[in-house]
Structures are given as structure tokens and as C-alpha cells.
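Working notes, beginning with the structure itself.
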Amino acid sequence: MRTDPLSYLDRELEQLREQGLYRTLRVLESEQQSTSIFDGRSVVNLSSNNYLGLTTHPKLRQKAIEAIEQFGVGSGAVRSIAGTMAMHLELERRLAEFKHTEAVVVFQSGFSSNAGTVAAILTRDDAIISDELNHASIIDGARLSRATIKVYPHGDADAARRILADLPSSQRKLLITDGVFSMDGDVGPLPALCDAAEAYGAIMMVDDAHASGVFGRHGRGTVDHFDLHGRVDVQVGTLSKAFGAVGGYVAGSRALIEFLYHRARPFLFSTSHPPSVTASCLAALDLLLEEPALIERLWENTRFFKAGLTAHGFDTGASASPITPVIVGDGARAMQFSDQLFAAGVFAQGIAFPTVKKDRARVRTIVSAAHTRAELQFALDAFGRVGRQMGIIA
Ligand SMILES: Cc1ncc(COP(=O)(O)O)c(C=O)c1O
């Protein structure tokens with residue numbers, strides 16, 4: 001009889017169970033909304049990246065339906081063969097205008113935008129200077145490029161500058177940071193990083209996944225927020241979070257985008273977006289431009305919720321965005337906190353090592369423009385009650 005060559009995976013899974021790190025997936029049984037049904041329970045949803053509530057917006061739905069009726073459900077090919085539709089180009093043109101850059105290329109996801117771009121523009125002779133908390137897609141792209149990876153302590157632009165200074169001036173360098181960090185909700189020190197990149201001739205790249213549709217005028221991102229137009233060579237955004245659909249894009253010079261058309265592997269070797277996705281993204285862009293009140297509401301809700309958590313006495317770290325961690329410390333305790341909140345009608349994901357440092361486990365909250373004050377107050381009351389019961393706050 002054949003022995004299962006994958007049996008070692010059972011042992012790995014057993015170890016995860018023993019360490020309390022085995023996860024079962026929560027199942028969404030309704031639309032992704034501010035209150036949703038997960039695992040049969042109606043809960044205030046503080047775990048989605050649906051910042052502006054666009055996943056269910058009538059205009060996006062309508063455009064998606066129309067696109068399916070007109071063009072069907074799939075693009076049928078990769079972009080570089082038969083899978084470039086007029087609407088793909090329209091979205092790229094509109095995004096470039098929005099971002100004030102020469103050009104944009106859209107990828108299937110934010111993940112493939114980061115990984116595909118970093119891997120394409122660097123070689124084994126080059127160096128990448130990367131924040132220690134940068135997203136996994138940046139780390140994977142860096143590994144794929146085979147460039148030398150130099151990691152600087154989180155948010156420390158002086159350390160990044162020292163690394164740049166130590167590298168040979170002839171070596172090509174990429175300095176890369178998240179605009180907003182996904183686990184802490186803090187913002188990268190972009191102005192100081194741009195100064196450092198310019199001083200040492202490095203390419204400057206920002207992953208604005210959590211800033212797209214959230215920071216800057218009309219949601220243009222952190223580069224706009226800090227008024228750094230023209231100083232960031234490669235800007236990545238997502239269409240999966242505030243934009244409500246799925247996808248990612250790179251904004252930059254025409255040469256960068258044309259090069260990615262020729263060399264970025266997700267662009268060359270993976271099928272392009274279905275028409276419904278592209279049509280939804282175009283509708284989302286219209287909404288960002290036409291309804292700035294959506295983003296204002298997101299920030300009002302963010303301020304209200306953060307103030308409530310702080311008033312309870314929770315440690316919310318250095319967050320400056322709608323992502324607010326409630327730091328508990330121990331991993332098992334964070335998971336228990338999340339479970340008890342869920343039982344109390346609030347879904348806030350527990351996050352532990354290895355996603356965050358061992359003593360910095362937390363539940364992570366994300367508010368959206370779609371939350372009502374009543375929903376947020378309900379969640380704050382639950383946080384207070386459960387937090388006191390568990391001795392997390394006095
Ligand atoms: C910082 C950051 N970059 C990139 C991504 C990837 O985006 P997407 O979900 O569109 O692949 C994410 C999302 O998970 C993220 O948090």
C-alpha cells in the first residue's frame with residue numbers, strides 16, 4: 001500500500017492544535033456589512049476591510065450586473081494575450097488620473113501588485129531596504145527578486161538611512177514601506193523615508209493597501225496625505241478593501257508601467273479581472289470623487305470608536321487609522337477575548353504570533369463608514385464588559 005507522502009502535514013497540524021494556534025475559519029452567511037451573520041450569529045462586524053461599505057453599494061452592484069450582461073463572467077485570458085478589455089484600460093487611465101501619475105497597471109490583487117512588482121524591477125545584484133512589519137506580499141516579492149534584503153526596525157527612518165549609507169553607492173536600492181501597517185494601524189514615516197531615498201538615490205516604494213480610499217484627498221492615499229507627489233516612484237494600492245471589490249494596482253511613470261506590462265509575472269501569467277470586477281472598481285472610483293462624505297463618515301466613526309476604547313482604558317498602540325488594535329499581550333488570552341466578544345455579538349479578530357510579536361497579541365478592530373453610532377456603541381459596551389470580566393481593564 002502507498003504511504004501518504006503528505007502525512008507530515010498531519011503532524012504539523014497537530015502541533016498547531018497543541019500550541020492553541022489551530023484556526024477554524026469563520027463563515028460569512030450574509031453580505032459583508034457593518035452587522036453580518038458569521039457562523040449563524042448576527043454580529044457587529046469589526047473585522048472587514050470594507051472601509052466605505054462599498055461591497056454592497058447599489059451603484060457597484062448595478063455596474064457589475066450590467067458588465068456581466070454585456071460582457072459575460074470572465075475575461076478568458078491573461079492581459080498580454082487576449083485578456084485586455086477596453087474597460088481594463090479605462091480603469092488604468094482613470095486610476096492614473098486619480099493618483100496624479102503618468103500611468104497605472106492593475107493586477108488581480110494587492111498581493112500580486114506588490115510581489116509581482118518588487119520581483120520584476122530588482123535583480124540579485126540589488127538591495128531592498130524594508131520595514132520589519134511590511135506586508136507578506138512585499139517580503140515574498142523581495143525573496144523572488146533574489147536581491148539582498150535589509151530589514152530596518154519598524155518605522156525607524158534613521159535606521160533605514162544608516163543602511164542606505166552603508167551600501168555601495170553603485171548598487172541599485174529599493175526603499176519600501178507600507179503606508180498604513182495592517183496589524184497596528186500606524187502610518188509609515190513617509191516624508192523622512194523619501195528624504196533618505198533621495199539622499200542615496202534609492203527607488204522609493206509605498207504599499208498603500210490600507211490607505212487607498214481612506215487617506216489623502218478623496219482617498220488618494222498616504223502620498224497625497226503627506227503631499228509627496230513626485231517623490232514616490234512606485235505606489236501600490238488595492239481595489240480589495242475600501243474599493244469594495246478585488247484587485248490591486250501600481251501607479252508610477254509610464255516607463256515603470258510599460259516595463260511591468262512586459263515583466264511582471266502575475267500580469268503575464270494569470271488571467272485578468274472579470275468584467276464585473278472592473279466595472280465595480282470604476283463605480284467605486286466615481287463614488288470616491290463624487291461623495292467625499294463617505295470618507296468623512298469613516299473618519300468620524302474612527303474618532304468616535306478610538307475615543308471609546310481609550311476611555312475604557314484599553315491599550316490601542318500607535319494607531320492613526322481606522323485599524324485600531326486592542327493589545328492584550330498573551331496570544332491565548334487575545335484569542336479568548338475575541339471568542340468572548342463574538343459570544344457578546346461583536347466580531348473582532350484575535351491576532352497572535354507569528355503574525356505579531358509574541359507579547360503583542362491583540363484583537364484587531366476596523367470600523368467603516370457604514371457602521372451606525374448604535375452599532376459602534378454596542379461594540380464599545382461589549383468591549384468594556386468583556387474586558388473587565390477578563391481583567392484586561394480595571
Ligand atoms: C499592507 C497590505 N498590503 C497588501 C495587501 C494585499 O492586498 P489584497 O488583499 O488586495 O491582495 C494587504 C491585504 O491583505 C495588506 O494588508
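The values are calculated or read from the model by the stated rules, or taken from the named source; none is laboratory data. Because the structure is a prediction, the values reported are computed rather than measured. Every residue, glycine as well, gets a Cβ built from its backbone with ideal geometry; the counts of neighbours run over all protein chains shown. What goes into the accessible areas is simple: the full protein's heavy atoms, side chains included, and nothing from ligands, DNA or RNA. Shrake-Rupley method; radii C 1.70, N 1.55, O 1.52, S 1.80 Å.
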Check your understanding: Relative contact order of the range 342-388: what whole-number percent is it, with Cα pairs under 8 angstrom and at least 6 residues apart?
Key -> 35
Practice item. Could you check how much of the accessible area of the range 251-394 is carbon and sulfur, as a whole percent, using a 1.4 Å probe? Key: 55
**Study point:** Bins of 10 Å, starting at 0 and running to the largest distance - Cα pair percent for the range 53-155
**Key:** 13, 29, 33, 19, 7, 0
Review point. Any idea how far the Cα center of the range 183-214 sits from the one of the range 379-394, in Å?
Key: 35
Check your understanding: Length gain on complete extension for the stretch residue 30 to residue 358, per 0.36 nm per residue less the alpha carbon to alpha carbon distance?
Key -> 114.7 nm
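Hey, any idea what % of the range 105-239's accessible area is carbon plus sulfur with a 1.4 Å probe? Intermediate results must be reported in sequence, preceding the final value.
On the way: 2290 of 4760 Å².
With neighbouring chains kept in place, the figure for the range 105-239 is 48 percent.
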Exercise for review: Run the quick spin-label model on residue 261 and residue 17: label points 7 Å from Cα toward the beta carbon, then report their separation in nm to one decimal.
Suggested key: 5.3
Review point. In whole angstrom, how far apart do the alpha carbon centroids of the range 21-45 and the range 303-347 sit?
Key: 17
Point to revise | Added length on full extension, which subtracts the Cα-Cα distance from 0.36 nm per residue, residue 271 to residue 66 | key: 71.7 nm
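Past the 32 Å Cα-Cα mark, which pairs from 99/173; 99/358; 63/99; 99/150; 241/357? Write out the running numbers ahead of the final one.
Details: 99/173 24 Å; 99/358 38 Å; 63/99 23 Å; 99/150 29 Å; 241/357 25 Å.
Cα-Cα > 32 Å for 99/358; rest within.
Let me have the relative contact order for the chain, percent, based on Cα pairs under 8 Å that are six or more residues apart.
Details: 796 pairs, mean separation 82.6, N = 394.
Over the chain, the number comes to 21 percent.
Using the C-alpha gyration tensor of the range 71-130, what are the square roots of 5 times its eigenvalues, in whole angstrom, with the largest one first? Mind showing how you got there, number by number?
Values: eigenvalues 134, 54, 18 Å².
Ellipsoid half-lengths, sorted descending, are 26, 16, 10 Å.
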Practice item. Using label points projected 7 Å from each Cα along Cα→Cβ, tell me how many nm separate residue 165 and residue 143, to one decimal. Key: 3.2
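Given the convex hull of the Cα atoms of the range 144-259, what is a quarter of its surface area in nm²?
Values: hull surface 31.3 nm².
For the range 144-259, the mean projected area of the Cα convex hull comes to 7.8 nm².
Looking at the P(r) of the range 243-348, how many percent of alpha-carbon pairs lie beyond 18 Å? Numbers along the way, then the final one.
Details: 3909 of 5565 pairs.
When all Cα pairs of the range 243-348 are counted, 70 percent exceed 18 Å.
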Check your understanding: At each listed q (0.21, 0.24, 0.26 Å⁻¹), what is the log10 of I(q)/I(0) that the Debye formula gives for the range 237-295 modelled as equal alpha-carbon point scatterers?
Key -> -0.92, -1.05, -1.11
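Name the shape class, rounded, prolate or oblate, that the alpha-carbon gyration tensor gives for the range 1-76, where a ≥ b ≥ c are the square roots of its eigenvalues, rounded holds for a/c under 1.5, and otherwise prolate holds if a/b is larger than b/c and oblate otherwise. List each step's numbers first, then the result.
Numbers: a/c = 3.85, a/b = 1.64, b/c = 2.34.
Since a/c reaches 1.5 but b/c is at least a/b, the shape of the range 1-76 is classed as oblate.
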**Study point:** Peptides 139-145, 119-125 ordered by average Cβ neighbours within 10 Å, highest first
**Key:** 139-145, 119-125
Check your understanding: How big is the gap, in Å, between the Cα center of the range 57-103 and the Cα center of the range 355-372?
Key -> 32
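How much area per residue is accessible in the range 208-357 when the probe is 1.4 Å and only protein heavy atoms are counted (Å²)? Mind dumping the intermediate values first?
On the way: 5540 Å² over 150 residues.
Normalised by residue count, the accessible surface of the range 208-357 is 37 Å².
Work out, step by step, the length gained on full extension between residue 78 and residue 385: first 0.36 nm times the residue separation, then minus their alpha carbon distance; give nm to one decimal.
Length gained, residue 78 through residue 385: 105.4 nm.
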Exercise for review: For the range 326-375, evaluate the Debye formula with one uniform point scatterer on each Cα (no solvent term) and list log10 I(q)/I(0) at q = 0.14 Å⁻¹, rounded to two decimals.
Suggested key: -0.36
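For the chain, what is the calculated [θ] at 222 nm in deg cm²/dmol (nearest 500), taking -39500 (n - 2.57) for each run of four or more DSSP H residues and dividing by its residue count?
The helix contribution divided over the chain gives -13000 deg cm²/dmol.
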Check your understanding: For the chain, how big is the tail of P(r) above 40 Å, as a whole percent of Cα pairs?
Key -> 17
Check your understanding: Based on the Kirkwood radius over alpha-carbon pairs, what value in µm²/s does the Stokes-Einstein equation return for the translational diffusion coefficient of the range 295-388 at 37 °C and 0.692 mPa s?
Key -> 249
